[in-house]
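Heads up, the thing below is written out as C-alpha cells.
Only the coordinates and a few stated rules stand behind these numbers; no lab work does. Quantities reported herein were computed from a predicted structural model and do not represent experimental measurements. FYI the Cβ positions are ideal-geometry reconstructions off the backbone, even for glycines, and counts take in every protein chain you see.
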Amino acid sequence: MKNRVGSVVLAGLAFALALSGCYREKRPTTAPPGTSGVTQPTSTAQPAPIVVSHYTDNAYAVSQGKTWYRAFNCNGCHAAGGGNMGPPLMDAKWRYGADPASIYASIAYGRPNGMPAFGAHLTEDQIWQLAAFVRSLSGQLSKNVASSRGDTLQDGKGESRREKETPVQEQTPAVER
Amino acid sequence: MKTRAALFASGALAAAGAAAAPFQDALRPAGAQAAHIGKLWNFTLGLCTLVFVAIVVACLVALWRAPRADHESMADVSSLARPESRIHRRIAWAVGLSAIGLLALLAADVFTSRAMARLPLEGAVNIELVGHQWWWEARYRDADPSREFTTANELHIPVGRPVIVTLHSSDVIHSLWIPNLQGKKDLIPGRTAILRLRADRPGVYRGQCAEFCGLEHALMALQVTAEPSQGYEAWAERQRQPAPAPATALARRGQQVFLGTTCVMCHTIGGTTAGAGLGPNLTHLASRQTIGAGMFPNNRGYLAGWIADPQAMKPGVNMPANSLPPDDLQALLTYLETLK
C-alpha cells in the first residue's frame, strides 16, 4: 500500500517536472520598443535607419510577414521570391543591402526602377515583419524561425529548408528609359 | 488582461442594453433543422432519464434488501452464499432492454438525419461563408453576378425560405454552430462543406465558432438575423449598393484618410478604389450591429478604440495598431459612420 502511494507521488512529481518544460511562445501583438524608431523622411535624404530588428528571431512575426507578403501582393512583382518584374528575393544578390534596416527602407521609401514606397500604407510593425520574412526567403533566418509551409499552394521549399545564401552586393542597374 | 476583461464586460453590457441580446439556445429551435435536432434531444433525454431512474430504483431496492446488522447482532449474510435465483433470466432481460433502448436511440438518430436531409430547397438563398481567424466573411451568391455582395460577421436570412450555406476556411479548421437553427458543421481548409437550414421564426440568433481555431476562438461570433421576406429583400438591396459618396468636407477627408493610409491595404469599400480582401468588407460597416466579430457594439467609441489599437481589444488579430493623428481619426470615424 505504502509502495503504491509512493509511486503515485513519484509519477505526479515526474509529470510536474515534464510540465515545467512546456512554455508558450510569446507573440508580439504590440510593437516591441525599438522597432518604432524610424520616422517618415522629411526630405529626400535617406534617414538614419535603426539597425535592430526584434523580429528576425520570432517565428510569429515572420509568419505574419509571410501573410502580408501575399496579401499586399508582393507576389505581383517579386513572384514567390523568384522575381519577375521586380528582382528575385531568394538569391544571394542584393542591390540595396540585405540587413533588416535596408529592407525596411526599401519597403517604406521605395527604390528606383519601380519599387513603390509603402511607408504611408503599412505600419512600421508590418514593415519589420515583412523585412524579417523577406530575409527568410534566402535562408537568412534560423531554421526554427522561418516558415516550413505556406497557407496556399506550395511554391517551392519551405523557407526553413532553404540553404543560407551569402549576400553579395549587386550593381544597381541604370534607370531604364 | 484586466483592462481587456473590463472592456469585454462593458461591451457585453452595452450590447445587452442596446438591443435584445441575440440568444444562442439549442433547446429553443427557431428553424426546421433545429426542430428535428430538438426532438432527437428530447427523446434522448427522456430515454436516458428513464434509464437513470431505473438504475437508481434498482440500487435503492438492493440497499433495502441487503442484510442488516445492528450494534448487538451481526448481519445474517447467509443469503449471500446462496446462488441468486433466476440469474440468467434477469441478465437476459437487462441486456435485452438495454439493446432495445440503444437501438431506439440509433433509429431516432437515423430518422432525424433523414428528416434533415429532406429540407425542400426550392428558391434557396445561397450564401458562401468563409471562416477567417477570427471572423466570418459572408458572400451572398446570385445567378446575376452584379447582384452579389459581401458582408462580415452578420447574416440576414428570410424567414420560411431555405438557405444553403457553403462553408470554406481561409486558414485553419473552424466550425459553424448556430444552435437555434442547425447543428455544427466544420470548415476545413481546402474543402467545401454545405449546411442547409431554414428559419421559421423571426429573431436574432447567435452563432459561434465551435472548433478551437487559435487565440480568439471564443470571440468569433456570427449574428444571424431572420426576418420576414420583405425586410430581408430591403436589407439585401441596400447591401448591393456601393457606399455613398461622402457628403460633408469632414467625411471627404475621412475617405482620403482611409484611401491614403493603412486601411486600404486590407479592406474593401464598394464604390471606391479600396478593394483588398484580407480584412472584412466595410462597404456597409455602419449597418452592422457589432465589430470584432460580435465582440463590441458598433459605435463611434468602440470603433475609434478598435482602429487605434485592435491588439488591446482582441489580441492576435491581423489588424495592426494605427497611429493616426487625432483629427484624421475623427474624420475617418465620421466617414465610416456614413457607410450605412
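Enter the Cα centre distance for the pair the stretch A:63-109 and the stretch B:78-101, rounded to the nearest angstrom. The distance from the Cα centre of the stretch A:63-109 to that of the stretch B:78-101 comes to 76 Å.
Computed about its Cα centre, the charge dipole of the stretch B:115-154 is approximately 140 debye, with only Lys, Arg, Asp and Glu carrying charge at their Cβ.
Converting phi to 3J(HN,Hα) with the Karplus coefficients 6.51, -1.76 and 1.60 and the offset θ = phi - 60°, the stretch B:313-322 yields 9, 8, x, x, 5, 6, 6, x, 5, 10 Hz in sequence order, with x at every glycine or proline. With the cut-off at 1.5 for a/c, could you classify the stretch B:136-214 from its C-alpha gyration tensor as rounded, prolate or oblate? Here the stretch B:136-214 falls in the oblate category.
With r as the distance between the Cβ atoms of residue B:200 and residue B:48 and R0 = 45 Å, compute the FRET efficiency 1/(1 + (r/R0)^6) and round to 0.05. Computed FRET efficiency for residue B:48 and residue B:200 comes out at 0.95. Tally Lys and Arg at +1 and Asp and Glu at -1 over the other residues with C-beta under 15 Å from the C-beta of residue A:166: what net charge comes out? Summing Lys and Arg as +1 and Asp and Glu as -1 gives -1.
Inter-label distance, residue A:15 to residue B:82: 4.7 nm, where each label sits 7 Å from its Cα along the C-beta direction.
Residues considered: B:74, B:295, B:313. Largest GNM mean-square fluctuation over chain B, using C-alpha springs under 10 Å, is found at B:74. For the stretch B:202-224, backbone nitrogen atoms closer than 16 Å to the point 7 Å from residue B:35 Cα along Cα-to-C-beta are found at B:202-203.
Would you tally the net charge around residue B:221, using a Cβ to Cβ cut-off of less than 11 Å, leaving residue B:221 out, and scoring K and R as +1, D and E as -1? Residues close to residue B:221 contribute a combined charge of -1. Once backbone amide H atoms are built at 1.01 Å from N, residue B:154 has B:223 as its partners under 5 Å, excluding neighbours fewer than 5 places away on the same chain. Counting Lys +1, Arg +1, Asp -1, Glu -1, what net charge surrounds residue A:94 among other residues with beta carbon under 13 Å of its beta carbon? Within the 13 Å Cβ shell, the charges total 0. In the stretch B:125-230, Cα pairs under 8 Å separated by at least six residues give a relative contact order of 30 percent. Contact order, relative form, for the stretch A:69-177: 26 percent (alpha carbon pairs under 8 Å, 6 or more residues apart, mean separation divided by residue count). Estimated at 0.36 nm per residue, the fully extended path between residue B:312 and residue B:93 surpasses their Cα-Cα distance by 72.6 nm. Which of B:130, B:61, B:53 ends up with the largest GNM mean-square fluctuation for chain B, with Cα atoms connected below 10 Å? Per the Cα network of chain B with a 10 Å cutoff, B:61 tops the list. Couplings for the stretch B:283-300, taken from phi via the Karplus curve 6.51 cos²θ - 1.76 cosθ + 1.60 with θ = phi - 60°, read 3, 10, 3, 5, 7, 8, 8, 10, 10, x, 6, x, 8, 10, x, 8, 10, 4 Hz in order; Gly and Pro are left as x. Highest mobility in the GNM of chain B, judged by mean-square fluctuation with C-alpha springs under 10 Å and restricted to B:88, B:284, B:36, is found for B:88. Near the amide H of residue B:169, within less than 5 Å, lie the amide hydrogens of B:131, B:188, B:190, B:191, all on another chain or at least 5 residues away, with H placed in the peptide plane. Annotation: extensible slack from residue B:28 through residue B:247 equals 74.3 nm (criterion: 0.36 nm per residue apart, minus Cα-Cα distance). Close amide H partners of residue A:170, meaning residues 5 or more places away or on another chain with modelled amide H under 5 Å apart, are A:94, A:95.
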